[in-house]
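The values are calculated or read from the model by the stated rules, or taken from the named source; none is laboratory data. Computed from a predicted model, the values in this text were never measured in an experiment. These accessible areas exclude ligands, DNA and RNA; they are computed on the full protein's heavy atoms, side chains included. Shrake-Rupley method; radii C 1.70, N 1.55, O 1.52, S 1.80 Å.
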Amino acid sequence: MIQGYRESIFDEVMQAIKPQLADYANFDLVVGIPFVDEQEHLPDLLKSIDQVFKSWIGKRQLIVCVGDAGAGNILESIQKLQLHHPHIEFILPPEISGRGISIRAMLQIANTIEADLIVFSAHMSSEADPVLEDAWLDSLLTPIQGDMIWYWEACAVTRPWIV
């Protein structure tokens, strides 16, 4: 019974997001970032990603940030960012908050607009350098332009792994 209740809440959240996706039906890539308490790191990461995407002429990217229920203050700071690329950000209700559900939401968004998905950790920019090196980020993103959904997370900027 509880699982059905959670599924219905998830479905309600995705239905609420669906109208925002209509403008992105022909996009090529969704960059997803789950967040909880990354107030110090997430804005820098988003600015770095936005900067790299400026050179991707002919490709359309959507940045999607999905947060836990207690991340309202971070949501406001993301919404205030002046990025060149479109971004959607929202908070999950407490009943379904968590990294797994955040990633599931990103998968569903990418599937809805028929785009590739890459998932970043909001802590990527918290390593030795607070801003990602454009060449490094570009070399990571360039190969993922096929029909496959990739899941990538940085344990450390110098030691990524792909599943």
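Can you pull the Kirkwood radius for region 1-76, inverse mean 1/r over Cα pairs, to one decimal in Å?
One over the average 1/r among Cα pairs gives 14.6 Å for region 1-76.
Shape verdict for region 39-125, please, from the Cα gyration tensor: rounded (a/c under 1.5), prolate (a/b greater than b/c) or oblate.
oblate
Using a 1.4 Å probe over the heavy atoms of the protein chains, calculate the carbon and sulfur portion of the accessible area of region 1-106 as a whole percent. Let's see the in-between values first.
On the way: 2690 of 5270 Å².
Carbon plus sulfur share of accessible area: 51 percent.
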